[in-house]
10 protein chains.
Amino acid sequence: MSENRQLLETFENQFPDRDYKIEIVAPEFTSVCPKTGQPDYGTITILYTPDKVCIELKSLKMYLQSFRNQGIYYEHVTNTMLDDLATVSKPRWMKIEAAFNARGGITETVTAQYTAAM
Amino acid sequence: MSENRQLLETFENQFPDRDYKIEIVAPEFTSVCPKTGQPDYGTITILYTPDKVCIELKSLKMYLQSFRNQGIYYEHVTNTMLDDLATVSKPRWMKIEAAFNARGGITETVTAQYTAAM
Amino acid sequence: MSENRQLLETFENQFPDRDYKIEIVAPEFTSVCPKTGQPDYGTITILYTPDKVCIELKSLKMYLQSFRNQGIYYEHVTNTMLDDLATVSKPRWMKIEAAFNARGGITETVTAQYTAAM
Amino acid sequence: MSENRQLLETFENQFPDRDYKIEIVAPEFTSVCPKTGQPDYGTITILYTPDKVCIELKSLKMYLQSFRNQGIYYEHVTNTMLDDLATVSKPRWMKIEAAFNARGGITETVTAQYTAAM
Amino acid sequence: MSENRQLLETFENQFPDRDYKIEIVAPEFTSVCPKTGQPDYGTITILYTPDKVCIELKSLKMYLQSFRNQGIYYEHVTNTMLDDLATVSKPRWMKIEAAFNARGGITETVTAQYTAAM
Amino acid sequence: MSENRQLLETFENQFPDRDYKIEIVAPEFTSVCPKTGQPDYGTITILYTPDKVCIELKSLKMYLQSFRNQGIYYEHVTNTMLDDLATVSKPRWMKIEAAFNARGGITETVTAQYTAAM
Amino acid sequence: MSENRQLLETFENQFPDRDYKIEIVAPEFTSVCPKTGQPDYGTITILYTPDKVCIELKSLKMYLQSFRNQGIYYEHVTNTMLDDLATVSKPRWMKIEAAFNARGGITETVTAQYTAAM
Amino acid sequence: MSENRQLLETFENQFPDRDYKIEIVAPEFTSVCPKTGQPDYGTITILYTPDKVCIELKSLKMYLQSFRNQGIYYEHVTNTMLDDLATVSKPRWMKIEAAFNARGGITETVTAQYTAAM
Amino acid sequence: MSENRQLLETFENQFPDRDYKIEIVAPEFTSVCPKTGQPDYGTITILYTPDKVCIELKSLKMYLQSFRNQGIYYEHVTNTMLDDLATVSKPRWMKIEAAFNARGGITETVTAQYTAAM
Amino acid sequence: MSENRQLLETFENQFPDRDYKIEIVAPEFTSVCPKTGQPDYGTITILYTPDKVCIELKSLKMYLQSFRNQGIYYEHVTNTMLDDLATVSKPRWMKIEAAFNARGGITETVTAQYTAAM
C-alpha cells in the first residue's frame, strides 16, 4: 500500500441517487525516474462516478505532490493512483489516464480503469 | 428547492412530434466557493430534448446570474441546476456539464444527466 | 407551409443504388429575432442521404437567403428547414444542425433529424 | 466506365491474412464545374482494407490529376472514383470522402462507401 | 523475421490482473523508400494492453532507429513492426498506426491490429 | 454624406488627458453586393484614440446594421465608415479594417486610416 | 480616487538596477454594466517595469475582485485601474489592456499606458 | 509581356485622396512545373495601395486561372504577376507573396515588392 | 551568488566572428513558493548571442533542476538565472523570459535582459 | 569547407533588378549527435534575397540529406549551412534558422545571418 494514500480526504456525496460523472485534470504532475533520477512530467486525468463520497480537491493536490521526489515508473504510478483513489473513495467506476511528456522523442500515456463489484 | 428556480421561463415547443436536441453553452458562469469565499468561474453546457416546452434563453441567463454571489460546491451547483431545469421544463432527456476553471493547477468538470420516466 | 420552400430545386441522383452521404455547411446564415427585431447569425449544417434527387446548391443558397429579413425563433427555423428540405428532396435520412452565435454570452445549437418511413 | 481508370496501378499486398486499414489523403484535387467551367478544389480522402493488392500511390496521383480539366459534378466525381478504385483494387472495404472548398459561402462534402460481396 | 527484433526489451508487468492500456507516440520515425532511395518520415503510434510484460521505451527507441537507413514500404514497415512487437511482448491486444508525411502532395496512414488468441 | 451617420451616438471621454486606444471588433457585418444583389459578410475592426468623446457601442451596432440591405462595394463601405465615424467622434487617430468573406475562393480586406489635423 | 485602491500591496524590488518587464494576465475579471445592471466579463493584462516595488499578486487578485459588483464602463474601469496601480507601485512604465467579451456580437478592448515623469 | 495580362480589369478608386491598403488572398492558385509537367499549388497574397484605379476581383480570378495549365517556375510566376498587376493598376505600392505547397518535404514562398517612382 | 551556478558548463563557440542568436526553451521548470511551500511551474526561455562560449544544454538542464525544491519568488528566480547565465557564459546579449502557470486564476511572466558592456 | 557543399546547384535569377525575398522551409532535417550518436531532428528555414542566382530546390534537398548520418552540433550545423549556401549562391542577404526538436525536455533554435559586403 502506498504511504501517500493517507493524504486523501473525501466529503459526502449529496446526490447519491444519481449516477453522475466527475472529471479532474491535473497538468502539473511530476515524479522522478527510478532508473536515471531525472524528473518526469505529465498530466493526470481522473474520471469517476462517486458513490457515497467525493474526492476533496485540495487533499488530492497534496496527494499528487507527494510523488514529486519519488522514483516510480509510468505504469506503476498510474496503477498505484488507481488503487489508492479507488480504495479511499470507493467509486462506482473510475478511470485514470496519465500522459507523460516526451523523453528521447517518445511520449507514453497509460490508462487504467476500475469498476466496483456488484 | 432552489429559490432561483422561479426565474426560469419556458415557451411552447412547436414541434412536439419530433425528438430534437437543443444545446446551450454559457461560458460566463460564476459563483463563490463556500469555504474560501473566493469566486469560481466555469462554462455551463445544457443539452436537452424538449417535450411540451422549451427553456427561454433570457430567463436562463437571469437564472445563471442568480448564482453570482452564492456560496456553493461544484458538485452541488451542477446537480441543483439539473433539478431546477428538469423540474421547470420537464424535458424528455437532459444533460448538464459544468466545467470549472483551474484552481491550484487542477480543473474539475461535473456532468449529470436526467431521463424522464416512461 | 413555408413560402420559401418553392425556391428549392433538385437534380437527379445518378447513383440511387448506393446509400451515400452529403454534408452541406452554410456559415453565413442570418435571420431576425421576432421579439427584438435584431439580426441573428448562425451556421447551418445539412447532412442527408439522397434517394431519387439531390439538392441543387445554388437554389439552396437562395432558400437560405430568404430568411434574411424574416422574424423567426431558433427552434422554429431549424425545424422549418428540415420540413422544407425533406419535403422537396425526399431523402432517405436527413439531419439539420443550426448553431447560432452568442447573444448575452449564451450560445444555442438546435439539431433535428428526419428518417423516411419504410 | 471512366477512361482515367487505366492510369491506376496496384502492387501485391504482402499481409493478406490480416485485415488492416490504409488511409490516403490528397488535398490538392481540382476539377472543373460542368455548368460554369470554373475550377473546383477539394480534398479527397480514401480509406480501405486491401485484399490481394494495394493501390500504388504514384499512379493514384496521376489518376487524380486526370480530373484536372474535366467537367464533373461533386456527387458524380466521388461515386466515379469509388467505382474506379474498387474495381481496380477489389478491396474488402472502401470509403471515399470528397470535401470541396466553399462556393458562394457554402461547402459540400460527399462520402460514399463500398463493401465487397461475401 | 526482422533482424531488428532482437533490439526490443521488456520488463515485468506489475499489474497483470488489470486490463489497462498503454499508448506510445514516436513522431521522429524515418526510413528509406526502397524504390527511390529517398528518406520517408512519419509518426508511429503503438497502443496495447500488456499481459506478462511491458515494452521498455529505450529499447523501443533503438528498435525504431534501426529502420533509419533501411529501404521498406509503408504497408510493410507497419505490419513488420506489429509482428515484431507482438511476438516480443505477447500483448492481450495491440494496434499500430503509422502516419507518413506527404509525398507528391499525398499522405498515407497505415493501421494494423493484433489480438491474442483466446 | 451617408444617411446612416445620424444613428451614431457618443459619450464624454472621462480621461481626455491620456492618449489611449480603443479596439472594437464586429464580426457580424453584412451588406449587399451592388452588382449581383448577393449578400456579403465580413468582420469590421475599428481602432481609435478618443479625443473629447467615445463611440457608444449600442448606437454603433445600429449603425453597422443599417448597411444590412444596402448595395455597396468593399472599398466604398470601408472608406464611408471611416468618414462617418471620424466626423461624428473626431478622434485623434482612427483605423478601420474590413475583412470580407471569400467569394469565388478569393478574400479581400480593406484598411483605411485617419489622423486628426494638428 | 477609487476606494478599491487600498487593497493593493507591494513588495520591494530586489533588482532595481535593471529595467525588466512583468506581465500579469487575469482572465477572470467581471464587473457590472452601469446602464443595464448586467455583468460584463473580460481579461485584464498588466505590463510594467517596476521601480522600487513590485505589485503583490494576491492583493492584486483582491483588488480585481473588488469590481465584481460595481457598475462601471469599459473605458472608465481601464483608466481607473491604470491610475490605481501606477499610484500605488510607481512603476517606470505601465500598460493595461482590458479585453471585454462580446455583447450584441461586438467586442471592445481598451488599452491605456503610463510613463513615469523623468 | 505576359499574354494573361489583358484579362485584368480595373475600376475607379473613389477615395484617391487617402492612402489606404487592400489585401487580396487567393488560396486556390495552381500552375504546372515546367520541368516535370506536374501541377504546383499555392496561395497568392496581393497587398497594395491604389492610386487612380482598383483591381476588379472577378477579372483577377480569371487572370490567376490563366496560369492553370502553364509551365512556370515559382520565382518567375511571382515576379511576372507583380509586373502585370503593377502595369495594369499603377498602384502607389504593391507586394505579392506566393506560398507554394511542399514538394519533396520542402516549401517555398517568394515575396516581391513594387513602389511607384515619385 | 547562487550555489547552483557551478552546475553550468560551456563549450567553445566555433563561429565567434558572427553575431548569431541561440534560443533555448525549457517548459518543464518547477520551483517552490517561499511563502506557501507549494510548487510553482513555468516555462523558461533563454535568448542569447554567444561570444567566446556557448551554454552546454545538459548542464543547463541540471542547473534548471537545481531549483526544483528551492523556495524562491518569480521575480527573483528570473533575475538570478540571468545573473548566473551571463556570468558563466559572458554573452554579447542575453534575455530570459520566465512564464509561470496560473495561480488563483492569474498568470505572471517576468522578462529580464543583459547587454555586455562595450 | 563542408564536403556536402558540392551537392548544391543554382539557376539564373531572371529578375536581378528587383530585391525580392525567397523563404524555404525544410521540416524533415535530421543529423546525428556527435556525443551520443543519437539522431537529432529539426526544421531548417532559409530566407534570402538572390543576386545573380537562385538555389535549386532538388539539389538543396540532397544537400540537407547529406547530414543524415553525420555527427554535428546544433550551432555548428547552422553556421556551416550558412557558409555553404552563401558561398554557393552569393545572395544579397541570407538568414538560416534551425529549430531542433526537444531533447531532455529542452528545445534549441539557432539563427545566423549573412549580408553581402557592399
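Every number here is computed from the coordinates shown, using simple stated rules; none is lab data. None of the values given here were measured: they were computed from a predicted structure. Using ideal geometry, Cβ is built from the backbone for each residue, glycine included, and neighbour counts are taken over all protein chains shown.
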Which aspartates and glutamates have a Cα less than 16 Å from the Cα of H:Lys35, not counting those fewer than 8 places away in the same chain? H:Glu75, J:Glu9, J:Glu12, J:Glu56
Helix G:74-89 against the longest principal axis of chain G: what's the angle in degrees, Cα atoms only, rounded to the nearest 10? 20
Sequence-distant or interchain residues sharing an amide H contact under 5 Å with I:Arg92, placed H: which? I:Thr49, I:Asp51
Just to be sure I understand the curve: with the Debye formula and one point per C-alpha of the stretch H:1-68, what is log10 I(q)/I(0) at q = 0.16, 0.17, 0.27 Å⁻¹? -0.64, -0.71, -1.23
Residue-averaged beta-carbon neighbours from other chains (10 angstrom radius) around I:85-93: 0
Taking only Cα atoms and a 10 Å spring cutoff, compute GNM fluctuations for chain B and point out the largest among B:Tyr20, B:Tyr63, B:Tyr48. B:Tyr20
Proximal lysines relative to F:Lys95, as straight alpha-carbon distance under 19 Å, when same-chain residues fewer than 8 apart are discounted: F:Lys21, F:Lys52, F:Lys61, H:Lys21
If I take every Cα pair under 8 Å that is 6 or more residues apart in chain D, average their sequence separation and divide by the length, what percent do I get for the relative contact order? 29
What residues qualify as long-range amide H neighbours of G:Gly105, i.e. H under 5 Å apart, gap of 5 or more or another chain, H built at 1.01 Å from N? C:Gly104
Return the long-range amide H neighbours of B:Phe29 (sequence gap of 5 or more, or a different chain), with a cut-off of under 5 Å between placed amide H atoms. B:Gly42, B:Ile44
Quick one: compute the contact order of the stretch D:1-46, relative version, from alpha carbon pairs under 8 angstrom and 6+ residues apart, as a percent. 31
In Hz, Karplus ³J(HN,Hα) per residue of the stretch B:56-65 (6.51, -1.76, 1.60; θ = phi - 60°; x = Gly, Pro): 7, 5, 5, 5, 5, 4, 5, 4, 5, 5
Give me a single rounded figure for E:12-21: the average over its residues of other chain Cβ atoms within 10 Å of their Cβ. 4
At R0 = 51 Å, FRET efficiency that the Cβ-Cβ distance of E:Arg92 and C:Asp51 yields, to 0.05: 0.70
Per-residue mean of other chain beta-carbon atoms within 10 angstrom of the beta-carbon, peptide A:96-106? 6
Highest-MSF residue in chain H out of H:Thr49, H:Thr87, H:Thr36 [GNM, Cα springs under 10 Å]: H:Thr36
Need one number for chain B: average projected area of the convex hull over its C-alpha atoms, nm². 7.3
Based only on Cα atoms, what Rg/Rh ratio does the protein assembly as shown have, Rh being taken as Kirkwood's radius? 0.94
Taking the Cα centroid of the stretch I:28-53 and of the stretch H:1-56, what is the distance between the two, rounded to the nearest whole Å? 48
With springs connecting C-alpha atoms under 10 Å apart, model chain E as a Gaussian network and identify which of E:Phe15, E:Phe29, E:Phe67 has the largest mean-square fluctuation. E:Phe15
